[in-house]
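S.K.: Provided herewith is a single structure, encoded as structure tokens, for subsequent inquiry.
The values are calculated or read from the model by the stated rules, or taken from the named source; none is laboratory data. The structure presented is a predicted model; accordingly, all values stated were derived computationally and were not measured. Because the Cβ atoms are built from the backbone with ideal geometry, glycine has one as well, and the counts that use them run over all protein chains shown. Quick note on the areas: whole protein, heavy atoms, side chains included, nothing else; ligands and nucleic acids left out. Shrake-Rupley method; radii C 1.70, N 1.55, O 1.52, S 1.80 Å.
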Amino acid sequence: MKLLYRCEVINKESVREKSIRHGHPSTLHLWWSRKPLATCRGVLFASLVDDPGAYLEGEAAEKERRRLFALIEDLVKWENINNEEVINKARLEIAKSVARQKGMELPDGMEPGDVNAFLAEHAPPGNGPFRRGRQHPPGSPAAGIKGLRRRFKPCGGVVIQPLFSTDPPYYDNIGYADLADFFYVWLRQNLKDTYPGLFRTMLTPKNEELVATPYRFGGSKDKAKEHFERGLQKTFQQMCQMANPSYPVTVYYAFKQAENGRSTADKENGDQMMASTGWETMLNGLVTSGFQITGTWPMRTELSNRPVASGTNALASSIVLVCRPRPANAPVTTRRELLSALKKHLPKALKSLQKSNIAPVDLAQAAIGPGMAVFSSYSKVLEADGSPMTVRTALALVNQVLDEYLAEQEGEYDADTRWALAWFEQYGMKEGPFGDAETLSKAKNTSVNGLVLAGILNARGGKVKLLSRYEYPEDWDPAADNRPTVWEAVQHMIIALEKSGEEAAARLLKKLGPMAEAARDLSYRLFNICERKGWAGEALAYNGLVVAWPRLLELAAQMPGELEQR
């Protein structure tokens, strides 16, 4: 799965594919939880193909990795959906990895037919137990995975060691069977005589559907919740028992971290920490079923204009969790040791996520992957009173370390930006007392007068207020500014993007020089504050800037001249 480290190309193609209409199956039938072929092919290929670091060293491994990256770029393009040359290259790489797993060697110059025959005999069968769209069938054969002749039924059926690549339901987020009735009644009207077995019922079957819909349980939310959680747990148990130990299980999840959240008390100091019941249920099912989470990858699979996302800060990405059965000899640890391990390993993972320009709206969710990788590596984590730590508490600790990480990044900013950030968190864009501003300025090693001169603050009549970005001058040039700040760089970038488009924003990005990375990091921090405060409009502005960042870098690189240094 290390081949997904550079998943920007997969994400770019996934977003592009979601907007393709000519010749795409979605023009005939729009699935309500469709995953792009680019995402599915990328994840499946990376699940089956060894990272070169497993069998090569140094530059040789890096050279081979670059070759495989180039193949992934071709494999995930919609135009190559039926490109036999590209598909055969992918099948050959999968065959090589399968052979290594089995201690075999493939002969040189294998013909495509011979490769297919080898895969038909030796490759693991693939399965999507929660499959709702047609995303896996076109991806799996192309990737060289044996299809299963019998369909796997969650909580039932027997399949021997398949490759699982699941997308689980999210409580009552979407009523799949209810939505299917809209199409079913018309299909039944026209096809019931041709396929009487398929259309024997007036509406789609619903009793075994794994969703938490209260109306099916006499209006009881508790019974619906119990049905969903028990079924999810049983499904993950079966997956863990049947999973091929040579290949990872991949789980897509796009349930927003703040949804259904409720606070949980910290057993050591009584503080209230936030967790998410959606994440908690899914992760608890994985961990207690015997899985260890070994990686997490944000993949841009979700449409912002889908019905459930309209007008909200909905997630742009699914988080692909990479899981393997936990070793039987996994150690026991304590709460303090877990927290120490989280603080050691999580910041590095978060920095990598930010460098990949993951949308701020996705960061908190993506952070759970590496955090839970630490937690799930232990057979048990003991609280101070000797009781086992719950997944809910572990999630809260991950969120706590994330907040600490974002706060620690403030040390990279100039004094004026650190003041503006602290003021914004307390007062937003509203007025506040001059005395509070003066006290804070001393703590941040700046002054109110200096902040006014920097062009980010208005102070009069005993009140101070951060200037709105729309009050900033339109011709700002960081190189000509005697007191440039990261704060105003972010605000000017948003204005340039909103008013003048990507090219203008890219020109300004080029002028920022070494301040650019700090500006991007500050956008994450500001989004985090806005989400917590419920300032949706401001949150969208910062999220939009980070999402556009890769494209802005691409445009800036094409512009003449070197990056200007302050």
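S.K.: Can you compute the charge dipole magnitude of region 414-558 about its Cα centre, using +1 on each Lys and Arg Cβ and -1 on each Asp and Glu Cβ, nothing else charged? Give it in debye, rounded to the nearest 20.
M.R.: On the way: 18 positive and 20 negative charges, 67 e Å.
The dipole magnitude comes to about 320 debye.
S.K.: Would you please give the FRET efficiency between Glu471 and Ala422, computed as 1/(1 + (r/R0)^6) with r the Cβ-Cβ distance and R0 = 30 Å, to the nearest 0.05?
M.R.: Details: r = 21 Å, r/R0 = 0.68.
For Glu471 and Ala422, the calculated efficiency is 0.90.
S.K.: Continuing with the same structure: Heavy atoms only, probe 1.4 Å: what % of the accessible area of region 414-558 goes to carbon and sulfur, would you let me know?
M.R.: Working: 3130 of 6340 Å².
Heavy-atom surface of region 414-558 belonging to carbon and sulfur, 1.4 Å probe: 49 percent.
S.K.: Work out the FRET efficiency for Met429 and Arg230 from their Cβ-Cβ distance, taking R0 = 45 Å, and round it to the nearest 0.05.
M.R.: Details: r = 47 Å, r/R0 = 1.05.
It comes to 0.45.
S.K.: While we're on this one: Between Met202 and Lys463, what is 0.36 nm times their sequence separation minus the Cα-Cα distance? Round to one decimal in nm.
M.R.: Working: separation 261, 0.36 × 261 = 93.96 nm, distance 6.79 nm.
This chain segment gains 87.2 nm when fully extended.
S.K.: Related question: Here is the link list: Lys35/Lys63; Lys234/Lys344; Lys35/Lys511; Lys77/Lys344; Lys12/Lys355; Lys96/Lys344. Which ones come out longer than 27 Å on Cα distance?
M.R.: On the way: Lys35/Lys63 31 Å; Lys234/Lys344 34 Å; Lys35/Lys511 38 Å; Lys77/Lys344 38 Å; Lys12/Lys355 16 Å; Lys96/Lys344 36 Å.
Going by Cα-Cα distance, Lys35/Lys63; Lys234/Lys344; Lys35/Lys511; Lys77/Lys344; Lys96/Lys344 fall outside the 27 Å limit.
S.K.: Given a 1.4 angstrom probe, I'd like the percentage of the accessible area of region 166-205 that is carbon and sulfur, rounded to a whole number.
M.R.: Values: 1700 of 2660 Å².
Its accessible area is 64 percent carbon and sulfur atoms.
S.K.: So, one more: Once amide H atoms are built 1.01 Å from N in the peptide plane, which residues 5 or more positions from Gln292, or in another chain, come under 5 Å H to H?
M.R.: Arg324, Arg326
S.K.: In addition: What does the charge count around Thr485 come to, taking other residues whose C-beta lies under 9 Å from its C-beta (Lys +1, Arg +1, Asp -1, Glu -1)? Present the calculation step by step, with values, prior to reporting the outcome.
M.R.: Values: positive: Arg483; negative: Asp414, Asp416, Asp481, Glu488.
Counting the neighbours of Thr485, the net charge comes to -3.
S.K.: After finding the eigenvalues of the alpha carbon gyration tensor for region 414-558, what semi-axes result from the square roots of 5 times each, listed largest first in whole Å?
M.R.: Values: eigenvalues 133, 56, 32 Å².
After scaling each eigenvalue by five and taking roots: 26, 17, 13 Å.
S.K.: Using 1/(1 + (r/R0)^6) with R0 = 60 angstrom and r between the beta carbons of Asp178 and Ala54, what's the FRET efficiency to the nearest 0.05?
M.R.: Details: r = 46 Å, r/R0 = 0.76.
Result of the calculation: an efficiency of 0.85.
S.K.: Next up: Accessible area of Ser379, 1.4 Å probe, to the nearest 10 Å²?
M.R.: Answer for Ser379: close to 60 Å² accessible.
S.K.: Starting from the Cα gyration tensor of region 458-497, multiply each eigenvalue by 5, take the square root, and state the resulting semi-axes largest first in whole Å. Kindly include the intermediate steps, with their values, before the conclusion.
M.R.: Values: eigenvalues 84, 32, 15 Å².
The answer is 20, 13, 9 Å, longest axis first.
S.K.: Separate question: Can you give me the long-range amide H partners of Val464? Hydrogens built in the peptide plane at 1.01 Å from N, cutoff under 5 Å, separation of 5 or more residues or another chain.
M.R.: Long-range HN contacts for Val464: Gly432, Phe434.
S.K.: Taking a spot 7 Å from the Cα of Ala480 along the direction of its beta carbon, which residues of region 409-429 have an amide N less than 15 Å from it?
M.R.: Under cut-off, by backbone N: nothing.
S.K.: Which value, in Å², gives the accessible area per residue of region 414-558 when a 1.4 Å probe is used on the protein heavy atoms?
M.R.: Details: 6340 Å² over 145 residues.
Counting only protein heavy atoms, the per-residue value for region 414-558 is 44 Å².
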